[in-house]
């Protein structure tokens, strides 16, 4: 059933955080201010690679209204951060490695004064040769960016005998795929307010996807005990993975502690571009072969990922790519060789899809090329080679049984859009230079952090003193609709009314550590938490109610407003009355780990979401521009928890993928950004969104599946690019290997002749 | 060099009294004429519904109505506001203190996710429907082409605008 308002009934609900968003009254953390507040600014390197010879902060310090100027000498604890590897300097000591590298920070009475103070800080640099290409960084004579070399991470996988595999092939295709340095472009740039408390504690109001990870990292930097730091981390004006790593927090925290005054930092867009993370640009070379019937035999992949100056999650992203270049297909002979390489380019890191986007673009491109060689329907080739429900995962690891691959394949096959593929041009007359094509692609996408990475989950339910039932989680709301999903689950699973519920998230003083809000995991983990808590919490409430009412527990049930008698369906006791009754406070919590596969392969996944996309595009051969006319997405992720949120995540993910495919690239030359703001870095606007995005969720799971809903936060963003590439090929016969697609590639001289003829006739 | 000059004000610029109307209220503000309206609203008046994002007039997060026209507050100088009627998202709402039908349409259709672009988006829709109550799809696209949303994929936004148009048609 297609997902829309009309098919969702009562489950299509107004979000609990909606009213404040449409009236502008919601205070994002960058909207906050405090009495006596100072403004923070960070001095960053103008050079992509240089030695620091001298830093002189004297003049800046002397400026009236400047309260602190900090350098590496002022970091009380560890002068490094990073979720997985702490190798990024808070302040550089003697070397800068990219144009976002921080050298100093100031706090002043006005933003303008802080800006002026930055110009008074003198830094002498000695320029070093720039390594701005990942492939060149691997050469023997390349300048070393880190003492251990220029390779952050090397990840390999092999199975079978590649040589004999290829020699048995009847058809082999070989190509190299390039993907861009995509920018998250969250509308709210990084920032926040840092407030020293009277008791010496520090409160940090700054967006992140994992408050407890920020707290741990800030505790290392400030040499304060973790409990002395409170992180308030939601609401967030978009993140998409981009705010998971620390950004302004080290500077805000250190400046606030130094001045003992509240400090506000809010990045300008250009500051956000130069210092922020991007999607890893990748070069993926693939050689793939089949037998004469189309059966895949051998698949060889080489990946070079440009991770930029420091590690952040570069190794983990590469592991994900290595897994996903294998995809949902069966092959005997496989070899993958991946490198994540340091350069003096901008920092790459976590981004929605986590390296799957690059992998799927390349892999699905190979399948299309093979189908052409075989003279076969590309969709049929996929069916022939697809994994079966009980097949192991890409690394041969045990994974949860689902029919997801075949389900989304079948759904796409049956879709109106794919049925149209024989005659995409039929419905209307077009100018001769406009060509239309239909293409499709599909994927399996891992959820959770994978084997070998701490992946805790859990939460708490409590009856508060005022009679509200509190759902307390360490997750963050960055727009994905987590609160709406949680509220709906509480209503449906516990029979509560919205007014009975208080949801508490995003504050390390109040919530348990539920793990990160990343990797399409939060909805799955909230669902599992509620499953775990349902019986103990409900029975505690009902037992207490039974005592008070003198009625046996089995005659009572939870409902809207309070406890009901099941037979008569009458309200016997409100939650408020229950809360006011004497006795120990009713509260239940659970903690567990995201389920993982029984394998030693680091990063390997256990739970997967499957998706297939069919897309119809129009190519203007005069301009070379591609316009997406229609999209169909089938997503097999188990039961839909929140229809509005599900639709929004797939539509929004596909929009991000549209930019990835057609316009978005944070261009760099010699380690400098050429695209500094939204005038040159082009994300899709409403004008780019023609036609409908039809979403078909496949909710059926095998009998006995205990894992419930799978994540959908990322999967909408991974499969559109190869589907568009396939549609372009159908329309104009050109194979795209590089994203974003360069219009020059699709321009056609004959089309110009047509245009001239058409004009002369008028 | 005076502190005033150091702050980047043009030589000779003075703190001037700026008289304008903001959300229906007559205001007299002491501001440097070269200060941006975005900063006046957010920093001086704490009207933070107007959002800061690209600051070069591309994303529309800071859209406000100036004499009914949608304007990027990041590109507008304080001096340009003299005598003008300025409406921010805080000034949008039904006469009875409730919300505008456009706002309700965004709520019901899920025309937002993180919500950071939403105030600007609603301002642009309001400007459009006030001047053209029954716009074509092209008009809607043109009117919203200066408002970037990174979350929704615009599907929910389009549905919200269509719904707002329908409501206006039903109850003029």
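Taking each residue of A:180-187 in turn, how many C-beta atoms of other protein chains fall within 10 Å of its C-beta, and what is the average?
4
As a test of understanding, state the convex hull volume per residue of region A:273-418 from its alpha carbons, in Å³.
126
What is the Cα coordinate range of region A:68-163 on the first, second and third principal axes, sorted by size from largest, in whole angstrom?
Rounded to whole Å, the extents work out to 67, 28, 22 Å.
Could you work out the pair-distance distribution P(r) of region A:505-559 from its alpha-carbon pairs, with 10 angstrom bin width and percents rounded to whole numbers?
20, 33, 25, 19, 3
Enter the Cα centre distance for the pair region A:461-481 and region A:62-99, rounded to the nearest angstrom.
With region A:461-481 and region A:62-99 each reduced to a Cα centre, they are spaced 36 Å.
Take peptide A:645-656, look around each residue's Cβ out to 10 angstrom, count Cβ atoms belonging to other protein chains, and average those counts.
Counting Cβ atoms of other protein chains within 10 Å of each residue's Cβ and averaging gives 5.
If you count, for each residue, the other Cβ atoms within 10 Å and average over each peptide, how do A:388-396, A:42-50, A:440-448 line up from highest to lowest?
In descending order of packing, they fall as A:440-448, A:42-50, A:388-396.
Write down the radius of gyration of region A:61-119 and its Dmax, each obtained from C-alpha positions, in Å.
When restricted to the Cα atoms of region A:61-119, Rg and Dmax are 13.1, 40 Å.
Give me the base-10 log of I(q)/I(0) for region A:357-480 at each q in 0.13, 0.19 Å⁻¹, Debye formula, one uniform scatterer per Cα, rounded to two decimals.
Debye curve over Cα of region A:357-480, log10 I(q)/I(0) at q = 0.13, 0.19 Å⁻¹: -0.80, -1.19.
Shape verdict for region A:484-600, please, from the Cα gyration tensor: rounded (a/c under 1.5), prolate (a/b greater than b/c) or oblate.
The shape class here is prolate.
Rounded, prolate or oblate: pick one for region B:68-151, where a ≥ b ≥ c are the square roots of the eigenvalues of its C-alpha gyration tensor, a/c under 1.5 means rounded, and failing that, prolate if a/b is larger than b/c, else oblate.
Verdict is rounded for region B:68-151.
Rounded to the nearest whole Å³, what is the per residue volume of the convex hull around the Cα atoms of region A:694-756?
Per residue, the Cα convex hull of region A:694-756 comes to 143 Å³.
Taking only DSSP H segments of four or more residues, each worth -39500 (n - 2.57), what value at 222 nm results for chain A once the sum is divided by all its residues, to the nearest 500 deg cm²/dmol?
-8500 deg cm²/dmol
Count, for each residue of A:681-694, the Cβ atoms from other chains sitting within 10 Å of its Cβ, then give me the mean as a whole number.
Partner-chain Cβ atoms within 10 Å, mean over residues of A:681-694: 5.
Mind running the shape call on region A:1-158? Use the C-alpha gyration tensor, a ≥ b ≥ c as the square roots of the eigenvalues: rounded below 1.5 for a/c, prolate if a/b tops b/c, oblate otherwise.
oblate
Please give the Cα centre distance for region A:324-341 versus region A:509-571, rounded to the nearest Å.
45
Of the peptides A:647-653, B:159-165, B:42-48, how do they stack up when ordered by the mean number of other Cβ atoms within 10 Å, highest first?
Going by the mean number of other Cβ atoms within 10 Å, highest first, we get A:647-653, B:159-165, B:42-48.
When all C-alpha to C-alpha distances in the protein assembly as shown are sorted into bins of 10 Å, what percent of pairs does each bin hold, rounded to whole numbers?
Taking every Cα pair in the protein assembly as shown, the percentages come to 2, 11, 20, 24, 21, 13, 6, 1, 0, 0.
Between B:39, B:136, B:145, find the one with the highest GNM mean-square fluctuation for chain B; connect C-alpha pairs within less than 10 Å.
B:136
At a threshold of 8 angstrom on Cα-Cα distance, excluding pairs fewer than six apart, so keeping six or more, what relative contact order does chain A reach in percent?
So the answer I get is 16 percent.
So what does log10 I(q)/I(0) come out to for region A:153-312 at q = 0.17, 0.18, 0.20 Å⁻¹, using the Debye formula with one equal point on every Cα and no solvent?
So the normalised log intensities work out to -0.96, -1.04, -1.19.
For region A:254-311, what is the Kirkwood hydrodynamic radius in Å, using each pair of distinct C-alpha atoms?
16.4
On a C-alpha basis, how far is the centre of region B:114-151 from the centre of region B:16-80 in Å? Whole number, if you could?
Computed from Cα coordinates, the inter-centre distance equals 19 Å.
I need the peptides A:143-150, A:599-606, A:270-277, B:56-63 ranked by packing, meaning the mean over residues of other C-beta atoms within 10 angstrom, with the highest value on top.
B:56-63, A:270-277, A:599-606, A:143-150
Would you calculate the convex hull of the Cα atoms in region A:643-710 and tell me its volume per residue in Å³?
Dividing the Cα hull volume of region A:643-710 by its residues yields 146 Å³.
Just to be sure I understand: if I project the alpha-carbon convex hull of chain B onto a plane and average over all orientations, what area do I get in nm²?
Projected over every direction and averaged, the Cα hull of chain B covers 10.5 nm².
With the contact rule set at Cα under 8 Å and sequence spacing of 6 or more, what percent relative contact order holds for region A:178-239?
37
Could you quote the convex hull projected area for region A:152-191, Cα atoms only and averaged over all directions, in nm²?
6.2
For region A:150-237, take N as its residue count and report Rg(C-alpha) divided by 2.2 N^0.38 Å.
For region A:150-237, the normalised Cα radius of gyration is 1.98.
Taken together, the values in this text are just the output of simple stated rules run on the coordinates, not laboratory data. Remember, it's a predicted structure, so these values are computed and weren't measured experimentally. As a convention, Cβ positions derive from the backbone with ideal geometry for all residues, glycine included, and neighbour counts pool all protein chains shown.
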